[in-house]
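Remarks on the structure that follows.
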Amino acid sequence: MSALRRLWENARRGYRNAWAEEFGAWPRSGGDNWPGHHIHDLLHGGHPTARNNVLPMPREVHEVANQAYPQCYSGDSRWSTIGVDRPYAD
């Protein structure tokens, strides 16, 4: 386990408590806390406890995101092209 991952593991409870003070209780499903997803991932310089870098994500969605995330850095053109101007305008 990397040092950054250990830092997150050790700070996770405090991070969730701070989140709860501002946004309400950290989401749960089936009695388990949702994982925290690092938007700017730890392997590419994301800070493990930065306030705007970790979001709660349902476990199933987090697993899909983690499987797809490496593609962001693979040079695949699907991840490096500009999308539509107004995707939610319909």
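The values are calculated or read from the model by the stated rules, or taken from the named source; none is laboratory data. This structure is a prediction, so every number in the text was calculated from the model and none was measured. Here Cβ is always computed from backbone atoms with ideal geometry, including for glycine, and neighbour counts include all displayed protein chains. Keep in mind that these areas ignore ligands, DNA and RNA; they rest on the heavy atoms of the full protein, side chains included. Shrake-Rupley method; radii C 1.70, N 1.55, O 1.52, S 1.80 Å.
General remarks:
- Candidate set: region 34-90, residues that are at pLDDT below 85 and among the aromatic types (Phe, Trp, Tyr); chosen: the one least open to solvent (accessible area, probe 1.4 Å): 69
- Remark: pairs (first residue in region 20-31, of a type in the set (Asp, Glu); second residue open to solvent by 40 Å² or more (accessible area, probe 1.4 Å) and part of a loop (DSSP other than H, G, I, E, B); Cβ separation under 8 Å; 6+ apart in sequence or on different chains) are absent.
- For region 3-12, the criterion of being of a type in the set (S, T, N, Q) and touching a residue at least 12 places away in the same chain (Cβ under 8 Å) is met by none of the residues.
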